[in-house]
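Read the structure below first, then the notes.
The values are calculated or read from the model by the stated rules, or taken from the named source; none is laboratory data. Just so it is clear, the structure is predicted and the values come from calculations on it, not from any experiment. Cβ coordinates were reconstructed from backbone atoms using ideal geometry, including for glycine residues, and neighbour counts include every protein chain displayed.
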Amino acid sequence: MRFIFFITTLLAFAWSCYWFIMSNKYSDKVSLWSDIGSANVSANLSKIRGFPNRFDTTITDLEIKQASFEPIKIDRLDVMRLSYDGSHYIFAAKSIQNIFESNFTFSKGLASAVSNGEVTPTINFQGENVFINKKLIFEELNFKIWPKTDLSKLNFSMFARTADIKGGEIDLSFQGQIELNSDFNFGSLIGFVSNIDALRNISGKLFVEDIKGLDTVIRKEFNSWKIFLKSDSPEKIPSVIQNLNMVILN
């Protein structure tokens, strides 16, 4: 019995030492990745929490400069990682300002980045009650980005359920690809944001309930983002989509 108690105590002590040593290294890694203190990023980074199974930290008052638009602002960004798995990160936020010239808020907003040995991670996002510029647009929003062989292109898929009260709930889905002017960069927070400036377009098929897939292209036009939809029956496209300022119907 004493031997079991001794071994248990020894293992607990060894794990505690490991956690505190690795938490310091993790803190340095997050600080380096987030570019805090650089000319392009300002924020505050909290101490590491989550003992014994996780490394959790919170970035507050985050502001990231963009080349062509107003700085991206996030009041609070929680960064989480299992202490025994360095390939999987989870990010949580309730609001993001100045993404594609719009402000987003969520009752729940979770993103994960999983490397799986790939050069570029697979990124998943789950959002609930998504407000765009203070208007409730989606009850549910999920998207996935994963690598292609050509690092200047990424696979992209999306599912969304609208919150169009007059027309009722509408399910949307999208399948296509993201094209960049340079290789996808996840090496730092500034690098990740720079992918927006390097974005050439997002193209593919948008499916709205039983409507035939719509040819869709999202790209920047004269310092503003536009969504181009091609449809033989534009009157069937839900008002929640038609009324978006950035949508142009062909």
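Any idea how many residues of region 199-213 are more than 17 Å from residue 145 (Cβ to Cβ) and in contact with a Lys or Arg (Cβ under 6 Å, 6 or more places away or on another chain)?
Adding up the residues that qualify gives 2.
I want to confirm something. Restricting to region 188-202 and keeping residues that are among the hydrophobic types (A, V, I, L, M, F, W, C) and closer than 16 Å to residue 217 by Cα, which single residue is modelled with the highest pLDDT?
The selected residue is 202.
Looking at residue 145, is it surrounded by 18 or more Cβ atoms within 10 Å (Cβ to Cβ), closer than 26 Å to residue 67 by Cα and in contact with a Phe, Trp or Tyr (Cβ under 6 Å, 6 or more places away or on another chain)?
yes
Among the residues of region 184-217, how many are among the charged types (D, E, K, R) and surrounded by fewer than 14 Cβ atoms within 10 Å (Cβ to Cβ)?
4
Hey, can you tell me all the residues within region 218-236 that are in a loop (DSSP other than H, G, I, E, B) and buried (at least 18 other Cβ atoms within 10 Å of the Cβ)?
231
Looking at region 205-241, which of its residues are more than 20 Å from residue 163 (Cα to Cα) and of a type in the set (Gly, Ala, Ser)?
213, 224, 231, 233
Within the group 81, 49, which residue is among the basic types (Lys, Arg), more than 17 Å from residue 190 (Cβ to Cβ) and in contact (Cβ under 8 Å) with a residue 40 or more places away in the chain?
81
Got a number for residues in region 187-217 being in contact (Cβ under 8 Å) with a residue 24 or more places away in the chain, in a strand (DSSP E or B) and within 19 Å of the chain's Cα centre (by Cα)?
Within region 187-217, residues that are in contact (Cβ under 8 Å) with a residue 24 or more places away in the chain, in a strand (DSSP E or B) and within 19 Å of the chain's Cα centre (by Cα) number 2.
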